[in-house]
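J.: Let me begin by handing over the structure; questions about it come next.
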Amino acid sequence: MDIHVDAKHLEQYSSDLESIGTDYTKWIDDVQKLIERDNVPASQQRQLEGFNLAQYHSVSEISQYVHEVAAASNRAQLHTAGKSYENKTIEYLKISTGGSKKSIFINGGLHAREWISPAVVLYLINQLALNPSNNPAIDSILEKFDWYLLPVVNPDGYEYSRTTDRLWRKNRQPPPSGSCIGVDLNRNFGFNWNPAIGGSTYPCSEVYAGTKALTAPETAAVGKLMRDIHCHTIAYLDIHAYGQMWLWPWGYTADVLPSDLEDLKHYAKVGANAISKKYNTKFIIGGDATDLYPAAGGADDYAKGVAGIQYSYTVELKDEGNYGFELPVNQIVPTGEEMLEGILAFAKELFVREGL
């Protein structure tokens, strides 16, 4: 368990842990320093040759980039999933070479503070839509699958984390009453929704699950997209940070296991091993509830349990806690490169083993 403690309470908190014999390790001495390090002016986030994938970008810059990719690539089509609470457009690209194929859906940015997630989805968009290095493995996998890539599910929260509160997690939707803002989108999907399991009915909680399932416009939009494309979609990856894990459902309980558990394990292992091989990053596999913690209302539970997307996962990117949510910008491209290797191996194994 990782806990963030403000400076004025640190001494007392440490003393309390020691008094009850609880061991702990300090990962980050000063979170604010990491936040300030990544607060790069927008004017510095562009390279002469165009969009800089090695920076964390604003929602407007991300939107501009996906529009530019759609215009530049005959493989990419721009679509809208819906609107956020603050009326921002939730955009995604379908990347396809045509023909009738199964598809894989990847989204990022469900939790606002996990900046590496949208950054890595943008890296994947760049590679799959433009293939700048002429990688034959990318051309090959595009002949096997269509790809749906949605970089920022939670544009309101993401932008708020850039301008106001770097560690903001939720969206920016107010509750029916009270002053606390935001719903945890990964507690608001509608498969066995239950705030008592890893969530909360208290609006000020970081894991506030909403008043009922799919009440957040962002989860409603992504849930509808899942249902709309489910008949030809074989896999779904919800990209998060951090922890370096490839996880399968169910999240709502550790007592019920998926009927295809061994297949879920197999494909997770293939993807995680490919990630690990790139830069020797330790990546582990496991179940949402059995190996992380039980939490109802998760996106991967909904994708599998309601939309019927068979191979649905949560992927937790770098790191293991040294930087936490403030992963340095020099780690963006290497993390993207690892994830590309992971999804290429994962997709290839799906194609062969499922007889597609």
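The values are calculated or read from the model by the stated rules, or taken from the named source; none is laboratory data. From a predicted model like this one, the values you see are computed outputs, not experimental measurements. Cβ sites come from the backbone with ideal geometry, for glycine too, and all protein chains shown count toward neighbours.
J.: All but one of (1) more than 22 Å from residue 152 (Cα to Cα); (2) not in a loop (DSSP other than H, G, I, E, B) hold for residue 338; which doesn't?
T.: (1)
J.: Only residues in region 107-131 that are within 16 Å of residue 184 (Cβ to Cβ) and acidic (Asp, Glu) count as the first member; pair them with residues that are surrounded by 24 or more Cβ atoms within 10 Å (Cβ to Cβ) and at pLDDT 95 or above, Cβ under 7 angstrom, at least 6 apart or cross-chain, and list the lot.
T.: 114/241
J.: For region 202-221, does any single residue satisfy the condition of being acidic (Asp, Glu), within 21 Å of residue 80 (Cβ to Cβ), in a helix (DSSP H, G or I) and touching a residue at least 12 places away in the same chain (Cβ under 8 Å)?
T.: The answer is yes; a qualifying residue exists.
J.: Are any residues in region 209-226 of a type in the set (S, T, N, Q) and surrounded by fewer than 21 Cβ atoms within 10 Å (Cβ to Cβ), and if so, which ones?
T.: 211, 215
J.: So, in region 157-180, of the ones that are in a loop (DSSP other than H, G, I, E, B), touching a residue at least 60 places away in the same chain (Cβ under 8 Å) and basic (Lys, Arg), which residue ends up farthest from residue 85 (Cα to Cα)?
T.: This residue is 166.
J.: Separate question: Test residue 265 against the stated conditions and say whether it is farther than 13 Å from residue 301 by Cα and either part of a loop (DSSP other than H, G, I, E, B) or among the acidic types (Asp, Glu) (or both).
T.: Criteria not met by residue 265.
J.: With the condition kept exactly as written, say whether any residue in region 151-159 is of a type in the set (Ser, Thr, Tyr) and either more than 30 Å from residue 128 (Cα to Cα) or surrounded by fewer than 24 Cβ atoms within 10 Å (Cβ to Cβ) (or both).
T.: no
J.: Let me ask something additional. Does at least one position in region 99-107 carry a residue that is in a strand (DSSP E or B) and surrounded by fewer than 16 Cβ atoms within 10 Å (Cβ to Cβ)?
T.: No: zero hits.
J.: Pairs only if they're at least six apart or on different chains, beta carbon under 8 angstrom, first in region 273-300 and in contact (Cβ under 8 Å) with a residue 60 or more places away in the chain and buried (at least 16 other Cβ atoms within 10 Å of the Cβ), second among the small types (Gly, Ala, Ser) and in a helix (DSSP H, G or I); list them, first residue then second.
T.: That search, which allows pairs on different chains as well, returns 273/345; 274/342; 274/345; 275/342; 295/289.
J.: Here is a follow-up. Taking only region 172-199 into account, find how many residues are closer than 27 Å to residue 290 by Cα and surrounded by 20 or more Cβ atoms within 10 Å (Cβ to Cβ).
T.: Qualifying residue count for the region: 12.
J.: Exactly one of these conditions fails for residue 93: (1) touching a Ser or Thr at 6+ places or on another chain (Cβ under 8 Å); (2) among the hydrophobic types (A, V, I, L, M, F, W, C); (3) in a strand (DSSP E or B). Give me its number.
T.: Of everything listed in (1) touching a Ser or Thr at 6+ places or on another chain (Cβ under 8 Å); (2) among the hydrophobic types (A, V, I, L, M, F, W, C); (3) in a strand (DSSP E or B), residue 93 misses just condition (1).
J.: From the list 307, 345, 295, 254, exactly one residue is over 30 Å from residue 200 (Cβ atoms) and touching a helix residue (DSSP H, G or I) at 6+ places or on another chain (Cβ under 9 Å). Which is it?
T.: 345
J.: For region 69-88, enumerate the residues that are in contact with a Ser or Thr (Cβ under 7 Å, 6 or more places away or on another chain), surrounded by 14 or more Cβ atoms within 10 Å (Cβ to Cβ) and in a strand (DSSP E or B).
T.: Within region 69-88, 83 is the sole residue that qualifies.
J.: Can you tell me which residue among 68, 86 is in contact with a strand residue (DSSP E or B) (Cβ under 9 Å, 6 or more places away or on another chain) and among the acidic types (Asp, Glu)?
T.: 68
J.: Take the residues in region 307-325 that are surrounded by 23 or more Cβ atoms within 10 Å (Cβ to Cβ) and of a type outside the set (A, V, I, L, M, F, W, C), then tell me which one is nearest to residue 144 (Cα to Cα).
T.: 311
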